[in-house]
Amino acid sequence: MRHCFRVSMKGLLNIPQTQTRMLRCRTMMPALAGLGLLWLLPSPALAQEDQELAAMQAAAKTAFKQHAEKFVKEYCVECHGNRRSKAGLNLEVAARNPGDPAFARKWMEAIANVNAQDMPPDDADQPTDEERVRFLDALAQIKYLSDRDPGPFVIRRLTKAEYGNTLRDFLGVDAAIVKELPDEVPGAGYLNSLSPMQTEQYLGIANEAINQISAEVQRKLFGDKSTEVREVARTLARTAYRRPPLEEELDVLVSVFDLGKANKLDRTGALRLMLKAVLVSPQFLFITPSKDAPAGEKIVPLDDYQLAARLSYLIWATMPDAELSKLADEGRLHEPAVLKAQTKRLLADSRARALFDGFGAQWLGLDKIATKTFDEQKFPQMTPDLRSAMYDEARLLFESIVRENRSIVTFVSADYTYLNRTLASIYGLEQKVTGTDMQKVSLTDANRGGILSMPGILATTSFATRTSAVNRGVWVLEQVLGQHVPPAPPNVPALEKQDQKKVSNLTLRQRTELHRTNAVCANCHKILDPIGFGLENFDAIGRWRDKDDTGGPIDAVGELPGGEHFSSPKELKTIIAARQEDLARNLTEKLLAYALCRQLDGYDHIIVDQMLKTVTSDGYKMQTLISEIVTSYPFLNRSVQQ
């Protein structure tokens, strides 16, 4: 695989030139030879796994034929078939090849709508409860129709945080040097190109970084006058490219040094120019797979250099350190015992904070807390200091669960948290907690503790002026339990659009329940709203209350599908904490997708099933989950893109 990356030499040199010359760099990886690939040859365990997969595929085909295909024909194709495809959903085509990854989202929509009893619509023929159950069970087995496939290696540019951290660890500069780069757009994926404007931004950052390098670091990078230029280039490239450089890549770097000398730069100036070329090269800015796979190979392992980078950027959001690099050079990092030991080492390091900043904050929705709008008159407490403390509370809980290898269930059931004086006022604990530093606090109120009752999360799932039972219900279902909630139908009016005279004496719960009288909304809301109502004792910024904004009493009574009843946040937490397998599956799927930088496909879900067996047997421990991910088939291998 090859990328061209053009950088104006005028920008690189920062010296006048009559002609603009172009630097062309190629992204290539060393061959896999010598890496000890015998560990990937078929084994008895793999053969047994293939037999089990074949049996599950046969059962899945039978179940789909008998229950799903029949269900689609009888209840779905009239509106979602070849002749008519409402909302762009054609299940008639999807039913012909149900295991095709292209139809995965369609089946997910079908599961969500049938499970919520939104489909078939009320004015259509209705399936029996048994038919619904069999249909959903058959769709749950579709993953077994997938071929063994680790998925592609996603070529991506370093994120803003990764780029800053990498410059910090490589050159000893402040990671905030990248602050002028735009933030990534959530959901937009990882881009594999650079616009001319971005190129100029990276050149500017490279110039600034080089100017900030200390004399000590520069001596370490450049050696002394007796050090050959090619060896300096080799040392720089080995660290920056996260692998040994190719000789032709060194030729390019030496030619940049020669260009500097030709333009009257002294040795140090020419070496700094060469370093700048390294910093704006695709080998540094992009995370890529190795060179093209051997002919005929459809699946290849990551080499140890790729594995070191994938592991380090997952946990630390920065380049591999000396120990990881040494193990990669020795070809030992892929060994399961070594890989697990390194994962544990990385998690124990303070740089593992990056796992929360990159994954945890996005998972919980706290990446938005700093900029979320609140009514300043109603909630003057939402200062930058309080928002920062809300973020840090969740971060420190996440870090404690990882570092202490606690059960995943602790995210819901924790009886401790982290507060400073500012955040303690939201808890009503300002007399107990003083000072600006975050500190661990034991909680005696069972309504508190865990992510469901955290002020930051309660705030991000509220509106600017009030709480939202719907937003909170959706958040719990999707982010905590891993269920897919179908989007709201179009043209459904918000509560604020209700006749204010008719609802002036109603509580927020009563107004929301009035909203549910709309048949279009009822099915979803009967699942979402009870969860949100169970958290209504917390206002829009997470303070406890017994009355809502109308002065009416809070009614936190609810019932979940399956008949489980609750009447307070603590009872709701207890019910959700008991759903250990759902909690573990959800977190495993989300973290695996984050680690792979892509959505999960059919075979990935089979891998998740396998990982959960180990995670479950070890008491749902967080480090066990992470270890299972970094030693999983899709993390260690990639499919070859034709």
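The values are calculated or read from the model by the stated rules, or taken from the named source; none is laboratory data. Only a predicted model underlies this, so the values are computations on that prediction, with no experimental measurement involved. Glycine also receives a Cβ, built like all others from the backbone with ideal geometry; neighbour counts cover every protein chain displayed. The protein model used for the area step is the full one, side chains on, heavy atoms only, and it has no ligands, DNA or RNA in it. Shrake-Rupley method; radii C 1.70, N 1.55, O 1.52, S 1.80 Å.
Just a few scattered comments:
- Per-residue Karplus couplings for the stretch 459-465, computed as 6.51 cos²θ - 1.76 cosθ + 1.60 with θ equal to phi - 60°, are listed in order as 6, 5, 9, 10, 8, 5, 10 Hz, Gly and Pro entered as x.
- Long-range amide H partners of Arg156 with built H, under 5 Å: Ile287
- Virtual spin-label span in nm between Ala370 and Ala140, 7 Å along Cα→Cβ: 4.1
- Dipole axis of the stretch 532-584 (+1 Lys, Arg; -1 Asp, Glu on Cβ), positive-most option in Ser567, Gly542, Gln580: Gly542
- Charge dipole (Cα centre; +1 on Lys/Arg Cβ, -1 on Asp/Glu Cβ; no other charges) of the stretch 296-352 amounts to roughly 260 debye.
- Counting only lysines at least 8 places from Lys261 when in the same chain, those with an alpha carbon closer than 28 Å to its own are Lys10, Lys220, Lys225, Lys276.
- The stretch 152-161 - phi-based ³J(HN,Hα) in whole Hz, Karplus 6.51/-1.76/1.60, Gly and Pro as x: x, 7, 7, 6, 8, 7, 4, 5, 4, 5
- Approximate spin-label separation Lys220-Asp122, in nm, with each point projected 7 Å along Cα-to-Cβ: 6.9
- Cβ-derived FRET efficiency at R0 35 Å, Ala59 paired with Glu335, nearest 0.05: 0.50
- Percent carbon-and-sulfur accessible area, the stretch 191-327, ignoring ligands, DNA and RNA, probe 1.4 Å: 53
- The spread of Cα positions in the stretch 328-473, taken along each principal axis and listed from longest to shortest, comes to 62, 29, 27 Å.
- When the Cα gyration tensor is reduced to axis lengths a ≥ b ≥ c, the ratio a/c is 1.5 or higher for the stretch 284-343, and with a/b not above b/c it is classed as oblate.
- Three-way shape label, the stretch 163-318, alpha-carbon gyration tensor, a/c 1.5: oblate
- Annotation: amide H of Ile299 within the under-5 Å range of Val640, sequence separation 5 or more or interchain, hydrogens built in the peptide plane.
- Peptide packing for 200-206, 429-435, 239-245 was compared via the average number of neighbouring C-beta atoms within 10 Å per residue; ordered from the highest value, the list is 239-245, 200-206, 429-435.
- Annotation: peptides 274-286, 359-371, ranked by per-residue average of other Cβ atoms within 10 Å with the highest first, follow the order 274-286, 359-371.
- Amide proton proximity set for Asn637, modelled H, under 5 Å, gap of 5+: Leu302
- If R0 is taken as 45 Å, the Cβ-Cβ distance between Ser350 and Lys86 corresponds to a FRET efficiency of 0.30.
- Listed by chain and number, the lysines whose C-alpha is less than 21 Å from the C-alpha of Lys65, apart from same-chain residues fewer than 8 away, are Lys73, Lys106, Lys143.
- Normalising the average separation of contacting C-alpha pairs (under 8 angstrom, six or more residues apart) by the number of residues puts the relative contact order of the stretch 328-419 at 26 percent.
- Cβ crowding within 10 Å averaged over residues, with 318-324, 91-97 ranked highest first: 318-324, 91-97
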